[in-house]
């Protein structure tokens, strides 16, 4: 576990995954197996490999004499996958179950994690009035609990910043993201995928505010970081390319944006992520093609995205 955590901290996801799989082979069917399964699932989920991650979270729940902490971790992992796949009822039910488990064991840190997950689910559903008090509460619990890992605080800052960005409170959002970026650089370094995710958020916000040069600089760095940690056809790289394309599109460099979207959609074709992801990439790509008066190509992209998950 120590070796795995060291590799993950460095952003070496491939070796970290290998270490966990090797550990699982020798652990046997003991309670110690569940935390390993959860860690592997989390690692896969961070790489947008949701279907693989789901199977490991479910396996953790089936371990004999599983601890309440491991059971809670698996439930939250499944809730987050359901959130990403827009299975709203399943996700909210599991988050509420997780909150109940954390409160029953008087663990404010786990309670904060679960409350944040529930708030993020409501945020994704578009119900900001229900999301905001939950996200504020989650952050407050962490800030008032001594010894909380700083990266956990960063995640709470990130989700609240996203809410502010959607509410049009750009200044508040950027303030929280800059605070998160400082934490991530301290913990992970400048060239870690987690650091890159926050840089991507800032690039998008800056491009909206008209700071094209700052946005372009960060978005290009994000793509470079993701390409250095993952293979060229990974969903993480596709997401970075989309981020970069959005910046260029807002700067009215439409041909460059179309090329970036094309690369991202090529990855979507090969990896077949969840339908919301495919639809989002296709919609953005089709939008810039329409701006370039390439309407026939735009319709073809939308049709391809629809066909990816038709079977």
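The values are calculated or read from the model by the stated rules, or taken from the named source; none is laboratory data. Nothing here was measured: the structure is a model prediction, and the numbers come from that model. Every residue, glycine among them, receives a Cβ derived from its backbone with ideal geometry; neighbour counts consider all protein chains shown.
List of remarks:
- Here residue 209 qualifies as surrounded by fewer than 22 Cβ atoms within 10 Å (Cβ to Cβ), closer than 26 Å to residue 169 by Cβ, without any contact (Cβ under 8 Å) to a residue 60 or more places away in the chain and within 24 Å of the chain's Cα centre (by Cα).
- Criterion: touching a helix residue (DSSP H, G or I) at 6+ places or on another chain (Cβ under 8 Å), at pLDDT below 95, part of a helix (DSSP H, G or I) and surrounded by fewer than 21 Cβ atoms within 10 Å (Cβ to Cβ) - qualifying residue of 97, 52: 52
- Qualifying residue in the range 18-34 (condition: in a helix (DSSP H, G or I), within 17 Å of the chain's Cα centre (by Cα) and within 20 Å of residue 226 (Cα to Cα)): no
- Lone qualifier among 157, 176, 163, 153 - being touching a helix residue (DSSP H, G or I) at 6+ places or on another chain (Cβ under 6 Å), closer than 28 Å to residue 186 by Cβ and touching a residue at least 40 places away in the same chain (Cβ under 8 Å): 163
- Of residues in the range 276-297 being without any contact (Cβ under 8 Å) to a residue 60 or more places away in the chain and under 23 Å from the mean Cα position of the chain (by Cα), the one surrounded by the fewest Cβ atoms within 10 Å (Cβ to Cβ): 283
- Tabulated pairs, the range 66-95, first in contact (Cβ under 8 Å) with a residue 60 or more places away in the chain, second part of a loop (DSSP other than H, G, I, E, B) and buried (at least 16 other Cβ atoms within 10 Å of the Cβ), C-beta under 7 angstrom, 6+ apart or interchain: 84/274; 85/274
- Filtering the range 120-150 to residues that are under 22 Å from residue 70 (Cα atoms) and either touching a residue at least 12 places away in the same chain (Cβ under 8 Å) or touching a strand residue (DSSP E or B) at 6+ places or on another chain (Cβ under 8 Å) (or both) leaves 120, 121, 138, 141, 142, 145, 148, 150.
- Meets criteria (surrounded by 15 or more Cβ atoms within 10 Å (Cβ to Cβ), closer than 24 Å to residue 196 by Cβ and in contact with a helix residue (DSSP H, G or I) (Cβ under 7 Å, 6 or more places away or on another chain)) for residue 77: yes
- Counted residues, the range 22-38 - those being under 18 Å from residue 155 (Cβ atoms) and modelled with pLDDT under 95: 0
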